[in-house]
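The values are calculated or read from the model by the stated rules, or taken from the named source; none is laboratory data. These figures come from a predicted structure and were not determined experimentally. All Cβ positions, glycine included, derive from the backbone under ideal geometry; neighbour counts span all protein chains shown. Calculation scope for accessible area: heavy atoms of the full protein, side chains included, ligands and nucleic acids excluded. Shrake-Rupley method; radii C 1.70, N 1.55, O 1.52, S 1.80 Å.
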Amino acid sequence: MKGTTGEALGGRTLVIDSATEACSVALFDGETLLAGEFRMLGRGHAEALVPMIAALPDRGRAERIVVALGPGSFTGVRVGLAAGRALALAWGSNVLGYSTLSLVAAIARDQVGPVPVGVAMTGGHGEWFVQAFAADETPGNSLASLRPDAAAEMVEDVIAGNQAEALVAARGSGTALPIWPDARAFLLLPPEALSADIRPLYGRAPDARLPGGRPGPQV
């Protein structure tokens, strides 16, 4: 039987999720949620995030910081990572990361049970970030950024995310769960979803182009 994320980590964990239009923070002690906050911001993550953390018990101080790596807004991803790295340096904390889509899938499984879940979230340039997750919580395929018509070819019956309703409507079948990532739901993630590699997960090539038309390097 798999252990829970809370059991695997132990101690205090600060979770930061600002990769999408939603912005949330949560402070856990093992498997106990001490406090958390969720806001739908759209924009302004840089101004809102630090005060949200400061409002947590002990100003959010923890021996471990876990940050959403994306995909999502380039700015939102960077704001969350910058805050997590700065606090880790100040507190001597460890930093881990997770995929935004993995958390959305975990929240969906909590609602409907252990079934395959497809995730569809707003991407850039009119595309959607999509990924499938198997019933055993493992990613069923690689993250992709697709146009809506291509994204609608996902075969999973349950679709979660802020574009779930649009995807289900486009293909005419399935169950839509309009879910946003929420740091307070962090313990629903399987331990295997956490990574020590905290580079941003942008989900598509950067817009910047080098001379000659080649894509700029991903950060």
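Of all residues in region 153-169, which are touching a residue at least 12 places away in the same chain (Cβ under 8 Å), open to solvent by 10 Å² or more (accessible area, probe 1.4 Å) and either in contact with a His (Cβ under 8 Å, 6 or more places away or on another chain) or within 22 Å of Glu21 (Cα to Cα) (or both)? Hits for region 153-169 are Asn162, Gln163, Glu165, Ala166. Selection over region 100-122 of residues that are crowded, with 24+ Cβ neighbours inside 10 Å, closer than 17 Å to Val77 by Cα and out of contact with any helix residue (DSSP H, G or I) (no Cβ under 7 Å at 6 or more places or on another chain) gives a count of 3. For region 5-29, residues that are within 19 Å of Val95 (Cα to Cα) and surrounded by 17 or more Cβ atoms within 10 Å (Cβ to Cβ) total 17.
Of all the numbered requirements in (1) surrounded by fewer than 17 Cβ atoms within 10 Å (Cβ to Cβ); (2) touching a strand residue (DSSP E or B) at 6+ places or on another chain (Cβ under 7 Å), Arg59 misses one, and that requirement is (2).
If you check Ala48, Ala19 for being within 13 Å of the chain's Cα centre (by Cα) and hydrophobic (A, V, I, L, M, F, W, C), only one passes: Ala19.
Of all the criteria given as (1) small (Gly, Ala, Ser); (2) open to solvent by 30 Å² or more (accessible area, probe 1.4 Å); (3) touching a strand residue (DSSP E or B) at 6+ places or on another chain (Cβ under 7 Å), the one not satisfied by Ala86 is (3). Residues that are touching a residue at least 40 places away in the same chain (Cβ under 8 Å) and assigned to a loop (DSSP other than H, G, I, E, B) within region 3-27 comprise Gly3, Thr4, Gly11, Ser18, Ala19, Thr20, Glu21, listed in sequence order.
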